[in-house]
Amino acid sequence: MSTASVYADFAARETRGVSPSYERLSIAVSRDDETLRLLDRLPPAKRQPNLLFGVVRLLGGPVDDPAAFRAYTVGNWPVIEEQMRARATQTNEPGRCAVLLPVLAALPQPLALLDVGASAGLCLYPDRYSYRYGEHQIGAGDPLLECAASGMEPPARLPEVVWRAGLDLNPLDVTDPADLMWLDALIWPEHAHRRARLRAAAARLAADPPLLVRGDLVDDLPALAALAPAAATLVVFHTSVLYQVPPPRREAFVAAVRALPGHWIANEPPDVLALPGLPTPPEAALHNVLSLDGTPLAWNRSHGQTITWFG
Ligand SMILES: C[S@@+](CC[C@H](N)C(=O)[O-])C[C@H]1O[C@@H](n2cnc3c(N)ncnc32)[C@H](O)[C@@H]1O
């Protein structure tokens, strides 16, 4: 896929109806030869819209107006390029717990959670947040995660979590102001609700930090999983991670996770894992597919705002 197509696709399938400012920027970038030429100096994995826009926001550049964005990006390219090479998209979205919850609540309790590609670890607290699926509310903790659900009964209980650990190539620390600024910069401009829940979830995590280990999701998974208490159900899960992992390593990861006891929950775009029997997504916008032990169960939007159950 050319860089122009990547930005046009991002505009049409990820930002339309979700972030008008990023939709405008993505369309403008997809049509601007100079910005595309600069982006093409980066390795393909570093050309992502989320990374470019997040870095420009981190540096204090304008993201409301495409002309101002272009002038800033072209004029400040050396520092933008340096930051894009040094950083990765590490958006940590606790809203994704609303998608995980129906599966987690249905597994034999208590649970030992192992989040691979955990970023700062904010998805490791599904038992501490509260949820609203339509009229149905569950839990009382902050933040409240709202999810439009169809085709499923909302979970009746929160899971009981007795152990939680995260694995990431570059774990972020929500108590470090620089890491928190990067997490904030990765949230799309109009999403004040996501910014508020980042703060609330970060405060919760800071009060009771999880075990976060720096490592690779293939090489370092077995050793971390071995630390989980045997009396709990081990649940290895990942959300929006494997698209950053080259295909041969994805296969190695699937082999590694299948060799472990317990269960495996994946929540990834549909082209990332070759899952059998996927129905058509509910609409043209990009959806993640939720699966348990390789069986697909539901479509969902990438910040956990909708879930459409089909399993
Ligand atoms: C887009 S973030 C998603 C974070 C979190 N799972 C969520 O949904 O909020 C992807 C994370 O995967 C991590 N990652 C990418 N490749 C990895 C690998 N080979 N091993 C461990 N972590 C990896 C990145 O560092 C990043 O923090």
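The values are calculated or read from the model by the stated rules, or taken from the named source; none is laboratory data. All figures in this text were calculated on a predicted structure; none of them were measured in a lab. Glycine gets a Cβ as well: all are built from the backbone with ideal geometry, and neighbour counts include every protein chain shown.
Filter region 46-69 for residues that are small (Gly, Ala, Ser), farther than 27 Å from Pro246 by Cα and assigned to a helix (DSSP H, G or I) and give the result.
Within region 46-69, Ala67, Ala68 qualify.
Out of Asp220, Asp184, Asp179, Asp216, I need the residue that is among the charged types (D, E, K, R) and over 20 Å from Thr89 (Cβ atoms). Which one?
Selected residue: Asp220, the only one of Asp220, Asp184, Asp179, Asp216 that is among the charged types (D, E, K, R) and over 20 Å from Thr89 (Cβ atoms).
Looking at region 172-194, which of its residues are touching a residue at least 60 places away in the same chain (Cβ under 8 Å) and either within 12 Å of the ligand (Cβ to nearest atom) or on the phi > 0 side of the Ramachandran plot (or both)?
Selection gives Leu172, Trp182, Leu183, Leu186, Ile187, Arg194.
Go through region 237-276 and count every residue that is under 11 Å from Val289 (Cα atoms), away from the ligand (no atom under 11 Å from the Cβ) and acidic (Asp, Glu).
Residues flagged as under 11 Å from Val289 (Cα atoms), away from the ligand (no atom under 11 Å from the Cβ) and acidic (Asp, Glu) within region 237-276 amount to 1.
Hey, can you tell me all the residues within region 82-101 that are more than 15 Å from the chain's Cα centre (by Cα) and either within 12 Å of the ligand (Cβ to nearest atom) or free of Cβ contacts under 8 Å to residues at least 40 places away in the same chain (or both)?
Once the filter is applied, which keeps residues that are more than 15 Å from the chain's Cα centre (by Cα) and either within 12 Å of the ligand (Cβ to nearest atom) or free of Cβ contacts under 8 Å to residues at least 40 places away in the same chain (or both), region 82-101 yields Glu82, Gln83, Ala86, Arg87.
Here's the yes/no breakdown for (1) of a type in the set (Ser, Thr, Tyr); (2) closer than 20 Å to Val18 by Cα; (3) modelled with pLDDT of 95 or more:
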site: Leu242; (1), (2), (3): no, no, yes
site: Phe253; (1), (2), (3): no, no, yes
site: Ala256; (1), (2), (3): no, no, yes
site: Gly262; (1), (2), (3): no, no, yes
site: Asp271; (1), (2), (3): no, no, no
site: Pro296; (1), (2), (3): no, no, yes
site: Thr308; (1), (2), (3): yes, yes, yes
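If you scan region 195-220, which residues turn out to be outside any loop (DSSP other than H, G, I, E, B) and within 11 Å of the ligand (Cβ to nearest atom)?
Leu198, Ala201, Leu212, Val213, Arg214
Can you tell me which residue within region 142-171, out of those that are farther than 27 Å from Gly262 by Cα and part of a loop (DSSP other than H, G, I, E, B), is farthest from the ligand (Cβ to nearest atom)?
Asp142
Please state which of the following conditions Tyr72 fails to meet, knowing it meets all the rest: (1) assigned to a helix (DSSP H, G or I); (2) within 16 Å of the ligand (Cβ to nearest atom).
(2)
So Pro78 ticks every box in (1) of a type outside the set (A, V, I, L, M, F, W, C); (2) within 16 Å of the ligand (Cβ to nearest atom); (3) loosely packed, with under 14 Cβ neighbours inside 10 Å but one. Which box is left unticked?
Tallying (1) of a type outside the set (A, V, I, L, M, F, W, C); (2) within 16 Å of the ligand (Cβ to nearest atom); (3) loosely packed, with under 14 Cβ neighbours inside 10 Å, Pro78 fails exactly one: (2).
Which one is surrounded by the most Cβ atoms within 10 Å (Cβ to Cβ), of the residues in region 274-309 that are touching a residue at least 60 places away in the same chain (Cβ under 8 Å) and polar (S, T, N, Q)?
That would be Asn300.
Please name all residue pairs, on different chains or six or more residues apart, with Cβ atoms under 6 Å, provided the first residue is in region 202-226 and is farther than 12 Å from Asp115 by Cα and the second residue is of a type in the set (Lys, Arg) and surrounded by fewer than 13 Cβ atoms within 10 Å (Cβ to Cβ).
Filtered contacts from region 202-226: no entries.
Might you let me know whether region 225-236 holds any residue that is within 16 Å of the ligand (Cβ to nearest atom), closer than 24 Å to Val99 by Cα and assigned to a strand (DSSP E or B)?
Yes: region 225-236 contains one or more residues that are within 16 Å of the ligand (Cβ to nearest atom), closer than 24 Å to Val99 by Cα and assigned to a strand (DSSP E or B).
Regarding region 243-255, can at least one residue be identified that is among the polar types (S, T, N, Q) and under 29 Å from Arg132 (Cβ atoms)?
Taking region 243-255 first, the residues among the polar types (S, T, N, Q) are 244.
The next check asks that each one be under 29 Å from Arg132 (Cβ atoms); those that pass are none.
Checked against the condition, which is being among the polar types (S, T, N, Q) and under 29 Å from Arg132 (Cβ atoms), region 243-255 yields no hits at all.
What is the residue count in region 102-116 for residues that are surrounded by fewer than 24 Cβ atoms within 10 Å (Cβ to Cβ) and within 12 Å of the ligand (Cβ to nearest atom)?
Summing the residues that are surrounded by fewer than 24 Cβ atoms within 10 Å (Cβ to Cβ) and within 12 Å of the ligand (Cβ to nearest atom) in region 102-116 gives 0.
Which residue pairs have Cβ atoms under 7 Å apart, sit 6 or more places apart or on different chains, and have a first residue in region 249-273 that is surrounded by fewer than 18 Cβ atoms within 10 Å (Cβ to Cβ) and a second that is part of a loop (DSSP other than H, G, I, E, B)?
As it stands, the answer is Arg249/Val218; Ala252/Val218; Pro269/Leu286; Pro270/Leu278, since those pairs meet every condition given.
Do you know which of the residues in region 102-134 that are of a type outside the set (D, E, K, R) and without any contact (Cβ under 8 Å) to a residue 24 or more places away in the chain is farthest from Gln244 (Cα to Cα)?
Gly134
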